[in-house]
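Data first, discussion second: the structure below is written as structure tokens.
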2 protein chains.
Amino acid sequence: MNLPPLVQTFVLHFGEMGSRWGINRTVGQIYALLYLSKEPLNAEDIVERLGVSRSNVSMGLKELQAWNLVRLQHKPSDRRDYFSTPDDIWQIVRTLVEERKKREIDPTMTLLREVLMQEPASAEERHAQDRMREMHDLFELLTGWYADVQRLDTERLVQLLTLGSKVQKILEMKDRLFVVPGSKKSRRDDAKEK
Amino acid sequence: MNLPPLVQTFVLHFGEMGSRWGINRTVGQIYALLYLSKEPLNAEDIVERLGVSRSNVSMGLKELQAWNLVRLQHKPSDRRDYFSTPDDIWQIVRTLVEERKKREIDPTMTLLREVLMQEPASAEERHAQDRMREMHDLFELLTGWYADVQRLDTERLVQLLTLGSKVQKILEMKDRLFVVPGSKKSRRDDAKEK
DNA sequence: CCAATATTTCAGAAAATTCTGAAATTTCGG
DNA sequence: CCGAAATTTCAGAATTTTCTGAAATATTGG
């Protein structure tokens, strides 16, 4: 491995971290390297810096492309493929969340919907189905939130995140200001009192 | 594997899904089984239903305990260990997020902080450090948001998630209502115009 | 077109992980 | 305490994943 120490530390860490995700060491290292690099890199650059085989890099890049995590580009009068990550880190986050949802949540939701259609044949199955329904509803809530928030432009997203749970305070304020006292909606807070 | 079809479908799916996480098939299956089960199960129960070795179950349960994902309990006049998942699915989510943060984010933040202290020895290292700083700041924002939201009770958390980006609307409303026109704070929206 | 260059594919080697059975250790009722 | 029951440990077998080198395929400047 042929990298400045500071870069190497990061690349090695991401290689190890990859295993905690569904990603292998080389893929993690390639991504880390591209993320830190100012200039786009071609496959041979990556081979030299990471010290892995050309074919391994080829497969790694293919996987990263399948994840939409790298951008392929070309330099004038150079037929080699150059790869880079988006400059905007928020774009990276959005892609990551999107792709993980696609691979992990969506198939699970499909399965849950299927299983929830079936008729339980025993008390045991009935209970299992109830549990699956809880999970289904939870995922629905989370993905709904995500679908909503994902549309915000970055500035507003950051604003929202910075606010954190302080939003809650504003909600309470809103409730107090705009809900007609005695109406159905305003009873929520009363309920807490009991 | 000796399970009602509906349960088996879910257990097999979670087994496969486990690989996408850092968790192995058996651990995924054990967790799925416990999640669906009304009654706590002992190790031998799990062996029978999943058809894996006793030692494999032992190691799987140990791992799930390390993740705080299962609860160990005992039945009167039975010395065997019985395992279950929390009834409250939100408790499960909280634990999962907490543990993943502990294993993935925290070590990465430690590394980033260390590397950001060092003096870059070249333009390349300087750029790499800038990129790492972006990541560091991003994680700080996200974990800050999480730390904040994590404290909410479930009812309010659900409320917040249901609202999604509509929060934004309320924020704008708040701005319009309470910010003194011409003050520093009220200029945020003006900036967007240019 | 074609030859040089670039990239991908893929079979099998290497490495890592998962799983098992047997043995060791722990626990606790009597 | 003892011994039966329960659990854990662990060496190595089985399986899966990762990685490589060689060969095949694709691309493009001239």
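Annotations
- Subset tally (residues that are at the interface with another protein chain (Cβ under 7 Å from one of its Cβ atoms) and open to solvent by 40 Å² or more (accessible area, probe 1.4 Å)) for the stretch A:130-140: 1
- Any hit, the stretch A:98-114, residues being of a type in the set (S, T, N, Q), farther than 21 Å from B:Asp106 by Cα and within 16 Å of DNA strand C (Cβ to nearest atom): no
- For the stretch A:10-26, the criterion of a residue being assigned by TED's automatic domain parsing to the domain that holds A:His136, of a type in the set (Ser, Thr, Tyr) and at pLDDT 95 or above is satisfied by no position.
- Residue identified as open to solvent by 20 Å² or more (accessible area, probe 1.4 Å) and either under 19 Å from B:Arg156 (Cα atoms) or not basic (Lys, Arg) (or both) among A:Gln168, A:Gln159: A:Gln159
- With respect to (1) touching a helix residue (DSSP H, G or I) at 6+ places or on another chain (Cβ under 8 Å); (2) within 16 Å of DNA strand C (Cβ to nearest atom), the lone exception for A:Ile89 is condition (2).
- Of the residues in the stretch B:29-38, at least one is in contact with a Gly (Cβ under 6 Å, 6 or more places away or on another chain) and polar (S, T, N, Q).
- Restricting the search to helices (runs of 4 or more DSSP H) fully inside the stretch B:1-119 and requiring at least 2 residues that are among the β-branched types (Val, Ile, Thr) and surrounded by 15 or more Cβ atoms within 10 Å (Cβ to Cβ) gives B:5-20, B:25-36, B:43-50, B:89-100, B:106-117.
- Residues within the stretch A:148-157 that are assigned to a helix (DSSP H, G or I), free of Cβ contacts under 8 Å to residues at least 12 places away in the same chain and either more than 7 Å from chain B (Cβ to nearest Cβ) or in contact with a helix residue (DSSP H, G or I) (Cβ under 7 Å, 6 or more places away or on another chain) (or both), tallied: 3
So that you can scan it fast, the table gives a plain yes or no per residue for (1) within 11 Å of another protein chain (Cβ to nearest Cβ); (2) within 16 Å of the chain's Cα centre (by Cα):
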| position | (1), (2) |
| --- | --- |
| B:Leu3 | yes, no |
| B:Arg20 | yes, yes |
| B:Ala32 | yes, no |
| B:Tyr35 | yes, no |
| B:Met59 | no, no |
| B:Leu64 | no, yes |
| B:Leu72 | no, no |
| B:Arg80 | no, no |
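- Count of residues meeting criterion [touching a residue at least 24 places away in the same chain (Cβ under 8 Å) and not β-branched (Val, Ile, Thr)] in the stretch A:104-134: 2
- Residue satisfying condition, being of a type in the set (S, T, N, Q), farther than 26 Å from A:Arg126 by Cα and within 16 Å of DNA strand C (Cβ to nearest atom), within set B:Ser122, B:Ser55: B:Ser55
The values are calculated or read from the model by the stated rules, or taken from the named source; none is laboratory data. No experiment lies behind these values; they were computed from the predicted model shown. Glycine also receives a Cβ, built like all others from the backbone with ideal geometry; neighbour counts cover every protein chain displayed. Heads up: the accessible areas ignore ligands, DNA and RNA and are worked out on the full protein's heavy atoms, side chains in. Shrake-Rupley method; radii C 1.70, N 1.55, O 1.52, S 1.80 Å.
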